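The values are calculated or read from the model by the stated rules, or taken from the named source; none is laboratory data. Quick caveat, the model's predicted, so the values are computed rather than measured. We place every Cβ from the backbone using ideal geometry, glycine too, and count neighbours over all the protein chains shown. Heavy atoms of the whole protein, side chains included, go into the accessibility calculation; ligands, DNA and RNA do not. Shrake-Rupley method; radii C 1.70, N 1.55, O 1.52, S 1.80 Å.
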Amino acid sequence: LPALFKQELQNTEAEEGGTATLRCELTKPKASVEWRKGDTTLYPGLKYEMKQQGSTAELVIYDLELDDS
């Protein structure tokens, strides 16, 4: 069976230039997670950091810009 959301992403407010963390909980631990913004797949680098521990996945977005909304 595919992994499903136990807890979906919540809206987060942050200021330009700051950092935002998006978090979700899945039904399967260590399920493969792909973070996307529209049709664009996000990859780790200076702007994005992806973390996963057990069934919780996080996306950290650094140096926020208006386009990140």
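Positive end of the dipole of the stretch 1-53 (Cβ unit charges, origin at the Cα centre): among 2, 33, 45, the Cα lying farthest that way belongs to 2.
Of all aspartates and glutamates in the structure, those lying under 12 Å Cα to Cα from residue 47, and not within fewer than 8 positions of it along the same chain, are 63, 65, 68. In this Cβ point-charge picture (+1 for Lys and Arg, -1 for Asp and Glu), the chain has a dipole of about 580 debye about its Cα centre. What the Cβ-Cβ distance of residue 4 and residue 32 gives, at R0 = 22 Å and to the nearest 0.05, is a FRET efficiency of 0.95.
Accessible surface of the chain, 1.4 Å probe: 48 percent of it comes from carbon and sulfur atoms. Per residue, the solvent-accessible area of the stretch 5-61 (1.4 Å probe, heavy atoms of protein chains only, all protein chains present) comes to 77 Å².
Step by step: find N for the chain, compute 2.2 N^0.38 Å, then divide the Cα radius of gyration by it. What's the final number?
On the way: Rg = 12.4 Å, N = 69, 2.2 N^0.38 = 11.0 Å.
My calculation over the Cα atoms of the chain gives 1.13.
Place a point 7 Å from the Cα of residue 22 along the Cα-to-Cβ direction; which residues of the stretch 49-69 have their backbone N under 17 Å from it? Answer for the stretch 49-69: 49-53, 56-69.
Note on residue 39 and residue 11: with the Förster distance fixed at 25 Å, the Cβ-Cβ geometry gives a FRET efficiency of about 0.75.
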